[in-house]
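Contents: one structure, followed by commentary.
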Amino acid sequence: MASRSPLQTLTNLLETAGYPLHDVPLLHPADIFLDLSGEDIRSRLYLTQDSEGREMCLRPEFTIPLCMAKVAAGVVASAEKPCSMSYSGPVFRHRAQESGEFIQAGVESLGRPDTEAADAEILALAIDSVKALELQVPLVRLGDAGLINGILVALDASPAFSRRLKRRLAAGRSLEEALAQPEGSAGLERFGGVMAALEGAGPKAASAFVGDMLVMSGLQPSGGRSAAEIAERFLSKAQQGGNTLDKASVEILRQFLSIAGSPDNVSDGMSRLAMEAGIDLSDAISRYEARIGFMAARGIDVSQIEASARFVRNLDYYTGMVFEITADRTIGAKPLVGGGRYDGLMRRLGASTDVPAVGFSVWVERFRGLAGEVVI
């Protein structure tokens with residue numbers, strides 16, 4: 001009997017855990033990924049056009065296509081009908097010094113109302129997955145988009161400012177770099193009306209606004225840029241005047257981002273900061289502590305997790321727990337697994353309500369050599 005490949009071992013583990021295998025088409029409209037992940041992702045997409053001139057791309061991930069397929073089919077997961085899915089197949093992204101076509105496998109859990117317990121289950125399954133691929137001592141990095149969102153709301157940061165800040169932190173920039181005004185912001189005072197109209201808008205709404213403005217003016221996008229690209233640039237610059245943080249708020253944010261250690265240490269640090277700064281993070285901290293309790297109940301050694309207040313992942317749709325698993329603590333080590341909670345994604349794809357959702361992806365080809373064998 002032929003031995004099972006490591007990829008088969010992984011997909012069998014996920015299905016046995018209660019996540020049946022699903023598939024989605026290879027080709028998708030590009031605008032949905034640009035709307036949800038930002039125009040920055042354009043340079044990483046494999047783009048083409050269909051017969052009607054619509055911009056299409058090879059799938060760069062599975063999460064958005066799987067959720068989009070559920071919404072299109074009218075299947076919206078709920079507490080009464082939760083939906084668990086696994087996937088395995090090629091995705092396509094331009095990547096420096098790595099193949100643009102690579103295999104990902106993973107799971108999505110939609111509709112479970114016991115969100116902290118679901119988070120713990122997903123993280124435990126992710127750890128089991130890397131162990132099934134012969135990595136017995138994985139390093140887990142843990143963050144929480146809910147805590148970051150909570151502190152930014154408490155500091156009265158605008159949605160556009162918060163979005164830019166989180167993206168820059170996810171790219172590894174310092175706080176000073178993350179707070180810096182976008183290049184070319186000088187002289188935008190004369191566009192105050194446009195900036196006011198875009199304030200608080202998401203990428204999709206901003207793209208529609210800019211597109212309408214171009215149509216009404218009889219102009220065409222210049223320099224080969226689409227309306228979405230122009231809108232993204234306006235959004236990135238809509239950070240004038242009252243949208244910046246004062247010195248006291250910057251100092252609170254600096255203290256927040258310095259909190260790190262074990263998950264328990266992070267929880268304690270958050271509570272102290274909230275009390276000293278006179279801000280309310282009680283809901284986010286309560287969820288964080290409940291999640292850690294469920295993780296411990298799942299047998300995860302939480303004392304070995306590297307938790308950090310500043311750890312975020314570079315996708316706009318994360319709303320809660322985020323995590324990555326690497327093989328070691330090498331600076332710049334590429335993740336073997338990445339995932340988190342994205343409760344607002346289904347609504348942004350057309351569902352009538354938010355849907356609790358959490359999942360992870362495994363970069364299968366990055367296990368090549370870790371266990372001394374090719375995994376696909």
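So here's what we get for this one:
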read-out	value
Cα-based Kirkwood hydrodynamic radius, segment 11-157, one decimal, Å	17.6 Å
Eligible aspartates and glutamates near K81 by straight Cα distance, threshold 17 Å, same-chain separation 8 or greater	E108, D114, D343, D354
Whole-number Å³ per residue for the convex hull built on Cα positions in segment 120-159	84 Å³
Distance between segment 319-360 and segment 254-317 - C-alpha centres, whole angstrom	16 Å
Residue-count net charge about E116 - beta-carbon cut-off 13 Å; Lys, Arg +1, Asp, Glu -1	-2
Residue-normalised accessible area of segment 1-134, expressed per residue, 1.4 Å probe, Å²	45 Å²
Distance (nanometres) between label positions extended 7 Å along Cα→Cβ at K81 and D23	2.4 nm
Cα-projected label distance for S262 with T244, points at 7 Å along beta-carbon direction, nm	4.2 nm
Cβ-derived FRET efficiency at R0 35 Å, D328 paired with S282, nearest 0.05	0.45
Distance violations [Cα-Cα > 22 Å] among K70/K131; K166/K247; K166/K334	K70/K131
Net lengthening on full extension, E251/N12 (0.36 nm per residue, minus Cα-Cα)	81.2 nm
Segment T353-E55, extension gain: residue separation times 0.36 nm, minus the distance between their alpha carbons	104.5 nm
Solvent-accessible heavy-atom area per residue, rounded to whole Å², over segment 304-353 at 1.4 Å	40 Å²
Carbon plus sulfur fraction of accessible area for segment 31-133, probe 1.4 Å, in percent	49 percent
Estimated D of segment 100-146 in µm² per second, where Rh is the Kirkwood radius over Cα pairs and Stokes-Einstein applies at 37 °C, 0.692 mPa s	259 µm²/s
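The values are calculated or read from the model by the stated rules, or taken from the named source; none is laboratory data. In this text the structure is predicted, and so the values were computed from the model without any measurement. For neighbour counting, all protein chains shown are included, and Cβ atoms are generated from backbone atoms with ideal geometry for every residue, glycine included. Accessible surface areas use protein heavy atoms only, side chains included; no ligands, DNA or RNA. Shrake-Rupley method; radii C 1.70, N 1.55, O 1.52, S 1.80 Å.
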